[in-house]
Structure formats: structure tokens, C-alpha cells
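What follows is calculated from the coordinates using simple rules that are stated; it is not laboratory data. Since the structure is predicted, the reported quantities are computational estimates derived from the model, not experimental observations.
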């Protein structure tokens, strides 16, 4: 267990891209593009504050149900940024591992191939970790976990414990988040890592995601340090 006031794993729900675009009279896709670009800046801030792992909920399983043009635009933005990451990512310099978590099979082949290439290229790195949750929904994750449990523990239900459950989640092998930040003023986690967030500290920021600043990031960390974490004790 990490020290009480150390953020080892920060998770972010970057909400508000479409509202930001509407506010500025822009196409919703421009909001998503700004949001994706901001993720890169946040990783720089995290590195400066020695936060070793950052997770972004980049695309929920419910997002597949949005307007087809918007979904296709998001796919295009993902593909463009995957290519950019492969060409310009300083993986060696900063020792960064990138992982994609969720139902990746629902994405077009070109996205799946790009995802696997980024994961392959960064697999050996250990100092920093970036986890991008795409095609992710907490209930969907729990359903697939339950299926794996049922398959692996037939007639052995007495052997099921928290470790067995954690090992069959999409996040298997990752530490639980210490701090979860959600932007846009919404005060809920909407099914983001429901099992893993049991003792996570929650921080809600009123700003829409594209307006999230370095000072907001620092404020979230400062608030975390003021919290008393007891883990139910």
C-alpha cells in the first residue's frame, strides 16, 4: 500500500468536450480533439509531480451509441493520434508504458492494430504508465469478470476471493487508483472502475475538460494531500 499522501495512480474522467465545443460555437469533434491534445499536457504535469501512473477514460462503451458521424470522427482522431504517438512518442526517454483497457474488439481493425503496436512498442518500459480506457464500461467489465469466474471456478466457489476477482478484470495487474478526477461539474463516476475505486479519493472540478489547467491539476493534488485515508480502518 502506498503512503497515505502519495498519488501513485491517478485516474481521470475527462468530461465536457462536447459542451465546451457548443459553448464556443464549434463542431463537437473539435472539442474531442482539444480534449485529446490536453491529455498530453496532463502527462507532463503528472511527471513533474512524480505521479507514475495516469489513466484516462477516453471512450466509454456507451459512446458507441452516439451519432454515427461523431463516433467515426472519434475513431479518426484516435487513429491520427496513434500514428502521432508511434512517430513522436518519447517512450525511451521517459520510460513510459502505454496500455489500452476495455472491449478493444469493438473498434475498427485499423484502431486495434494501432493499439497493439503502441502496446508492443512500450511493453518493456517501467518508470511511467499511461492507461487509456477505450470501449470501457464498469458494468461490462464486471459481467466479463463474472463469466471468467464462472468458467474458472466451476464447483469451487469457496475459492473465490477479492484477488481472484481483481485478476479477471480488464485492469488485472494494475494498482487501484488513489485519486479519481472528474471534470465538467458532474459529481459521479458513472461506472468507472467500480470495483477498483472502493477506496479512491474523488475530486470533482467544475471546469469543462478542455479548460482544465495546470493550476487545476495542482489543486486536485493539494486537496488529496489534505484528505485522511483510512481504508475502512
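The table below lists the values:
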{"item": "Compactness index (Cα Rg / 2.2 N^0.38 Å), segment 62-198", "result": "1.18"}
{"item": "Average Cα contact separation per residue, the chain, under 8 Å, 6 or more apart, as relative contact order %", "result": "28"}
{"item": "Helical mean residue ellipticity (222 nm; -39500 (n - 2.57) per DSSP H run of 4+; nearest 500) of the chain", "result": "-13500 deg cm²/dmol"}
{"item": "Equivalent ellipsoid, the chain (semi-axes from 5 times Cα gyration tensor eigenvalues, Å)", "result": "27, 23, 19"}
{"item": "Whether segment 5-123 is rounded, prolate or oblate, judged on the alpha carbon gyration tensor where a/c under 1.5 counts as rounded", "result": "oblate"}
{"item": "10 Å-binned pair-distance histogram of segment 37-99 (Cα, whole percent)", "result": "17, 46, 28, 10"}
{"item": "Projected area, mean over directions - segment 170-233, Cα convex hull, nm²", "result": "5.3"}
{"item": "Added length on full extension, which subtracts the Cα-Cα distance from 0.36 nm per residue, residue 65 to residue 27", "result": "11.9 nm"}
